[in-house]
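The structure appears right after this line, and notes come after that.
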Amino acid sequence: MTGGLLEVDGLGFRHADAAPDAPPAIEAVSFSVPGGSLVAVVGPSGSGKTTLLRCVAGLVRPTAGEIRLDGRPIDGVPDATAVVFQDYGRSLFPWMSVADNVDLPLRRLGLAPAERRTRVSDALAEVGLAGTEASYPWQLSGGMQQRVAIARAMAYRPRLLLMDEPFASVDAQVRADLQELTLSVWQAHGSTVLFVTHDIDEAVYLADRVVVLSPAPARVAADVAVGLPRPRDQIATRSSAAFVELRARVARLIRR
Amino acid sequence: MSLALGATDAPGRVGRGLIGVAAFIGLAEVVTRAGIVNPAYLPPASSVLGTTGRLLVDPAFLVHVAGTLAAWAMGLAAAAAIAIPIGLLLGSSRRVRDASAAAVELLRPIPSVALIPLAILLLGRGLDMRVALVAYASAWPILFNTIYGVRELDPLAIDTARAFGLGRSEVIRRIALPSAAPFIYTGLRVAASIALILAVSVELIAGGAPGIGTWMLANSGAGVPRELLYAGIVVSGLLGLAINGLMVAGERRLFAWAPRLRSRL
Ligand SMILES: Nc1ncnc2c1ncn2[C@@H]1O[C@H](COP(=O)(O)OP(=O)(O)OP(=O)(O)O)[C@@H](O)[C@H]1O
Ligand SMILES: [Mg+2]
């Protein structure tokens with residue numbers, strides 16, 4: 001399997017503190033993410049989605065197989081990836097203002113201070129939070145906090161954006177808004193997104209392809225191409241026959 | 001914005017507190033004036049307050065206050081300088097924590113005042129001895145709160161910073177230390193009160209150099225007006241109140257972001 005911006009090749013992972021006779025969290029997962037695409041990973045709870053994402057982010061080292069970015073095996077945290085986690089309350093830093101949260105990853109890029117300020121305010125404007133620079137994250141609503149996390153990731157201009165169930169803790173209306181936001185920044189920046197979710201609807205709605213994981217230990221149960229036309233629309237796309245059919249197919253694959 | 005509630009509420013609380021204090025003083029006054037308690041044991045509150053007021057502008061007395069505050073400040077600073085780094089180390093390494101647990105459990109129950117005679121033997125009756133004892137007693141809350149603060153570190157916060165490419169030292173400086181800081185400060189706040197208790201206790205027992213305790217010891221004999229002793233007690237109480245008030249105000253200012261302190265309504 002070659003040619004993707006991201007290639008996950010025979011990935012296996014066993015937690016160091018797991019029981020010796022327990023199966024590994026991930027067993028031989030392979031898929032690739034072409035540059036510029038949005039690929040969703042779905043799987044039942046506990047199937048190893050977060051573990052997979054942590055391997056790709058370089059936070060933990062795979063115990064088998066290889067992950068390549070631009071054809072080079074990753075060794076440690078790659079330079080060009082950004083993350084958005086589900087738990088915005090814990091991944092934004094409460095002692096920093098909104099602007100400082102967005103700025104933190106930019107500090108090590110060697111940018112001029114003026115450039116950093118522009119990037120921060122542009123990113124906040126892009127997610128609809130212009131003027132919140134001096135606020136603290138905990139003064140914002142949950143949906144706004146997750147927008148800050150998305151702004152932080154976009155200001156970093158990653159080649160690969162990793163998202164782990166980013167919208168699982170917000171209510172339905174906010175989730176729809178954030179899905180639209182994700183699609184619009186993805187398209188505006190031509191970035192590549194690996195989107196982990198257990199929400200089949202969300203995966204099919206957002207993605208070019210859906211990688212379906214089996215229950216633990218994770219294997220790729222199916223790799224489904226989503227041919228739905230873009231731009232997608234919360235109401236029209238979701239009520240189309242093709243969407244309903246795809247969603248049912250993925251649901252059957254997961255349940256199997 | 002999050003402090004608005006506390007701010008509007010504060011005058012009311014302070015007002016009620018003052019009323020309570022005034023009532024207490026009034027009661028003490030009545031009790032002695034009415035002859036219910038022998039004034040030789042408890043002088044009238046008004047004359048204790050008058051004496052306190054005079055003492056607070058008396059340079060000879062203020063030298064003693066300065067002596068106590070010097071031991072307090074130096075002891076607290078020494079405690080922080082020792083306990084914070086050790087706490088960071090113990091908090092971040094399970095192995096070091098396990099290895100030191102027995103020693104800590106052995107030392108901690110020793111009442112600090114029990115060390116006074118030994119400290120006098122080793123260090124004399126001067127400032128060194130006082131600072132050493134104050135530091136010993138106030139190091140414990142700083143140590144335990146620092147360990148706790150480090151252990152409370154959120155792994156997801158660390159992962160987020162690491163995933164954005166922050167190196168180990170940056171993660172420590174920008175994430176680990178700021179998030180442990182409110183806990184460390186709580187340790188300092190508790191230690192500040194303990195340090196004052198220790199400073200005065202040591203003076204009361206060891207005497208020697210100027211200090212409120214030394215002064216009280218000198219004014220506790222027969223023939224000395226009792227007002228003086230009571231005024232000394234009032235002054236130490238006021239010092240404790242001021243120190244705690246300043247530490248709490250500092251906490252609100254510095255750590256308004258800490259979940260424990262922010263009241264979000
Ligand atoms: N620190 C750990 N030590 C040992 N086992 C772990 C650890 N973390 C996770 N696991 C195990 O690894 C497997 C995969 O966990 P993971 O969190 O990746 O699943 P997930 O698909 O993200 O689940 P969810 O949908 O609930 O978020 C689970 O069986 C879990 O119990
Ligand atoms: Mg997960």
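The values are calculated or read from the model by the stated rules, or taken from the named source; none is laboratory data. Remember, it's a predicted structure, so these values are computed and weren't measured experimentally. Because the Cβ atoms are built from the backbone with ideal geometry, glycine has one as well, and the counts that use them run over all protein chains shown.
Observations
- Enumerated strands (runs of 3 or more DSSP E) restricted to the stretch A:1-100, each holding at least 1 residues that are within 14 Å of ligand 1 (Cβ to nearest atom) and at pLDDT 95 or above: A:6-13, A:26-33, A:38-42, A:81-85
- Any chance residue A:215 is surrounded by fewer than 17 Cβ atoms within 10 Å (Cβ to Cβ), more than 14 Å from chain B (Cβ to nearest Cβ) and within 16 Å of ligand 1 (Cβ to nearest atom): yes
- Selection count, the stretch A:122-158, where residues are surrounded by fewer than 19 Cβ atoms within 10 Å (Cβ to Cβ) and either in contact with a Gly (Cβ under 6 Å, 6 or more places away or on another chain) or under 23 Å from residue A:81 (Cβ atoms) (or both): 2
- Test: residue in the stretch A:88-100 that is touching a strand residue (DSSP E or B) at 6+ places or on another chain (Cβ under 6 Å), within 16 Å of ligand 2 (Cβ to nearest atom) and either free of Cβ contacts under 8 Å to residues at least 12 places away in the same chain or of a type in the set (A, V, I, L, M) (or both): no
- Subset of the stretch B:153-173 (residues that are at the interface with chain A (Cβ under 7 Å from one of its Cβ atoms), part of a helix (DSSP H, G or I) and not acidic (Asp, Glu)): B:156, B:157, B:160, B:162, B:163
- Filtered by the rule that a residue be out of contact with any Leu (no Cβ under 7 Å at 6 or more places or on another chain), closer than 12 Å to residue B:226 by Cβ and surrounded by 14 or more Cβ atoms within 10 Å (Cβ to Cβ), the stretch B:40-59 gives B:42, B:43, B:44, B:47, B:48.
- Filter result for the condition that a residue is more than 16 Å from ligand 2 (Cβ to nearest atom), more than 30 Å from residue A:107 (Cα to Cα) and among the aliphatic types (A, V, I, L, M), over A:193, A:212, A:244, A:148: A:244
- Screening the stretch A:25-53 for residues that are within 16 Å of ligand 2 (Cβ to nearest atom) and surrounded by fewer than 19 Cβ atoms within 10 Å (Cβ to Cβ) and picking the one that is farthest from the other protein chains (Cβ to nearest Cβ) gives A:44.
- Positions within the stretch A:101-138 being free of Cβ contacts under 8 Å to residues at least 40 places away in the same chain, part of a loop (DSSP other than H, G, I, E, B) and either within 14 Å of chain B (Cβ to nearest Cβ) or among the β-branched types (Val, Ile, Thr) (or both), in sequence order: A:110, A:111, A:132, A:134, A:135
- On inspection, residue B:250 does not qualify as more than 17 Å from residue B:138 (Cβ to Cβ), of a type in the set (Gly, Ala, Ser) and either assigned to a helix (DSSP H, G or I) or more than 21 Å from the chain's Cα centre (by Cα) (or both).
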